[in-house]
Amino acid sequence: MAISLSVFLLVLFAALLHASWNALIKSGGSTALDTVALTIAAALLAGLALPFSSQPAPESWPWLAASVALHVCYFLMLGAVYRLGDLSHVYPLMRGLAPMAVALIGAVFFGETLGLLVWLGIGLICAGIVLPVLRYPGVLRERATPLALAIAAVIAAYTLVDGHGTRASGNSFSYCMWMFLLEAPPIVLVAWWYQRRLVWQHVRLKWRRAAIGGFCVLGSYSIALWAMVSAPIAAVAALRETSVLFAAIIGTTLLKERLGAWRIAGAATISAGMAMLRL
């Protein structure tokens, strides 16, 4: 399966939405509490959308259950890794290595075949995401690195599970809405257990930001799952991770972050990978 122009452009839009909600969280006062508020908002929006959509096929429910478990694990591991290392160190490792893992596992265990240019495109996108991290000496010896690599494996796992689950569901939108609705209670419960007073106070104060972020995360992932029905899962996963390119643009223009030589080199490599996926 190749990526059509319409799917390519829509997944890029999904990447922009992904970068937007990450920028909202990054610009807030508390990454953990903002993430919980966004999770609640996304679940509420998903619950409102479900009555207008048909149910996923029964064959997809085991995939959906596995997805919810993996997303909850991802959330818990994310909180731990951000306590051990900086966002600029762990985030590129987590997100940059996952698409290649998806491609390799998909090829070996699920028989998903990719053309040479698609492999090159995925490789360049992954390299471009990870490249800025290499400017830090001794990055592989950091305490957070093993956990970041484990999270990359979890991201690859839930990407493959959701890709095959949405194909089995017969309705990618409904599958996505159920996923966000079911994953919210355990995540909120864990957050409430550790910071019960702050959670509800933060949600009341930041509900507008949470609603915008919830819409962005729902839109981003529902588009990605829809694309995985007709395009290779690994290619869609890699293309969605170009959100780091949009994040760099948002960071430099709105958040006044510095755009150094390593980030420019990474952006150029990602752009080359995007071009490969369309050749």
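With contacts taken as Cα pairs under 8 Å and at least 6 residues apart, the chain reaches a relative contact order of 43 percent. Membrane-span-like helices of the chain, defined as complete DSSP H segments with a Cα extent of 20 Å or more along the helix axis and a mean Kyte hydropathy of at least 1.6, are identified as 5-26, 31-49, 116-130. Ranked by the mean number of other Cβ atoms within 10 Å of their residues, highest first, the peptides 56-68, 105-117, 232-244 fall in the order 232-244, 56-68, 105-117.
FYI, it's all coordinate maths here, none of it is from the lab. Here the structure is a predicted model, which is why all the values come from computation and not from measurement. No Cβ is skipped: glycine too gets one built from the backbone with ideal geometry, and neighbour counts run over all protein chains shown.
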